[in-house]
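A.B. asks: Next up is a structure, given as structure tokens.
The values are calculated or read from the model by the stated rules, or taken from the named source; none is laboratory data. Keep in mind that this is a model prediction, so the values were computed, not measured. Heads up, the Cβs are rebuilt from the backbone with ideal geometry, glycines too, and the neighbour counts pull from every protein chain shown. Remember, those area values only see protein heavy atoms, side chains included, never the ligands or the DNA or RNA. Shrake-Rupley method; radii C 1.70, N 1.55, O 1.52, S 1.80 Å.
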Amino acid sequence: MVLREEHIAVFQANWVDKATNLRAIAKMLNIGTDALVFLDDNPTERHMVRRELPEVAVPEVPDDPALFPLYLSLAGYFDAVAFSADDEKRSEFYRTQAQRLALQESTSDLEGYLKSLDMTLHLSPFDKIGRSRITQLINKSNQFNLTTRRYTEAEVAAFENDPDAITLQARLIDCFGDNGMISVIICRKLDENWVIDTWLMSCRVLGRRVEDAMLDFLSKQLGDRGATEVFGSYIPTKRNGLVQGHYASLGFALIRAADDGTTHWRLDLTRRPPYNAPIRIAAEAEVSSNQK
């Protein structure tokens, strides 16, 4: 075979039903089951997965296996407008994510596990090099996305030159390797207030306290501009319920809640506790001169 086991991020070969295995794969990769495509030549198995996991894409295929690649490509599941360097490394990202989870499940000491990952968060403002990947994340991220605002690449480029915006792109490196770009923040000055317009993060790094590191760095950038508080909102969607308590967990105070579930928050930057997450912060470039 052309494929080898090292090409497979999570290998599931057992007597367990396919739906259960798909849930296990999603857990190992730290992604939602709605991000999976299930390919199987058995119509009974396809029917079972559609019934148990209706959010999983299950393409129909013909009896002749030689036609499988054609049918799969025509379904459009893997079409992409752009293909970044991070996309090229995605299989490696998923493979190392499975290794991290295996290590985590072998220990009962979560804090010790996080320290053992030897994590470094590399932060920099938006730039031309990362622009296409930033735009891709903004338009594809759904689960860890506080407002789910979408921006075009031209709009992302405009933020790079906006003196009333602080932009952050984050890459996380640990003992297993590079996780790629995993988080994006856009913080804007509206009237006299600094407001977090966009905050999203890859599900690959959930539970690793990256949000604490991001907020600590953002708070220092805001402090350098004389800000004493920052505001943020959570706008609920069908898929971002896991971040409903995000701001509360970071010490923000609830200002008001709307009937549709939208909540608005405020953080007093002068009373934030000291940073203690097990992640080194490396600012590859301080906020660019046009954002100072």
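A.B. asks: Take every DSSP beta bridge whose two residues both sit in segment 186-292, then give the antiparallel share in percent to the nearest 5.
C.D. replies: The antiparallel fraction comes to roughly 90 percent.
A.B. asks: Let me ask something additional. Counting every Cα pair in segment 1-106, what percent are over 16 Å apart?
C.D. replies: Details: 3721 of 5565 pairs.
Summing the P(r) of segment 1-106 above 16 Å gives 67 percent of all pairs.
A.B. asks: Could you pull the Cα extents of the chain along its three principal axes, largest to smallest, in whole Å?
C.D. replies: 66, 42, 40
A.B. asks: DSSP loop trypsin sites (Lys or Arg not before Pro) in segment 1-104 with at most 11 other Cβ atoms within 10 Å of their Cβ, which ones?
C.D. replies: Qualifying residues, ordered by number: 4.
A.B. asks: Here's a follow-up. Does segment 31-166 classify as rounded, prolate or oblate by the C-alpha gyration tensor (a ≥ b ≥ c root eigenvalues; a/c under 1.5 gives rounded; else a/b over b/c gives prolate, otherwise oblate)?
C.D. replies: Oblate shape, in that a/c is at least 1.5 and b/c is the bigger or equal ratio.
A.B. asks: Let me ask something else about it. Using the heavy atoms of the protein chains alone and a 1.4 angstrom probe, what is the accessible area of the chain per residue in square angstrom?
C.D. replies: 53 Å²
A.B. asks: What's the lysine pair count for the chain at a Cα cut-off below 27 Å, pairs eight or more apart or interchain?
C.D. replies: Within the chain, the lysine pair count is 21.
A.B. asks: What does the charge add up to near residue 35, with Lys and Arg as +1, Asp and Glu as -1, over the other residues with Cβ less than 13 Å from its Cβ?
C.D. replies: +4
A.B. asks: Let me ask you something else. Determine the sum of side-chain charges near residue 19: Lys and Arg each +1, Asp and Glu each -1, restricted to other residues whose C-beta is under 10 angstrom from that of residue 19.
C.D. replies: +1
A.B. asks: Just in segment 99-204: which chymotrypsin sites (Phe, Trp or Tyr not before Pro) are loop by DSSP and have at most 13 other Cβ atoms within 10 Å?
C.D. replies: Listed in order of number, the matching sites amount to none.
A.B. asks: Right, next: Report, by chain and number, residues whose modeled amide H sits under 5 Å from the one on residue 170, excluding near sequence neighbours (fewer than 5 apart, same chain).
C.D. replies: Answer set, sorted by chain and number: 182, 183.
A.B. asks: Read phi for every residue in segment 229-243 and hand back ³J(HN,Hα) as whole Hz from Karplus 6.51 cos²θ - 1.76 cosθ + 1.60, θ = phi - 60°, with x for Gly and Pro.
C.D. replies: Ordered by residue, 3J(HN,Hα) equals 8, 9, 10, x, 10, 10, 10, x, 10, 5, 10, 10, x, 5, 9 Hz.
A.B. asks: Still on this structure, please answer the following. To check you understand DSSP bridge types, tell me what percent of the beta bridges within the chain (both residues inside) are antiparallel, rounded to 5.
C.D. replies: 80 percent
A.B. asks: Explain nothing, just the number: dipole magnitude of the chain about its Cα centre with +1 on each Lys and Arg Cβ and -1 on each Asp and Glu Cβ, in debye rounded to the nearest 20.
C.D. replies: 580 debye
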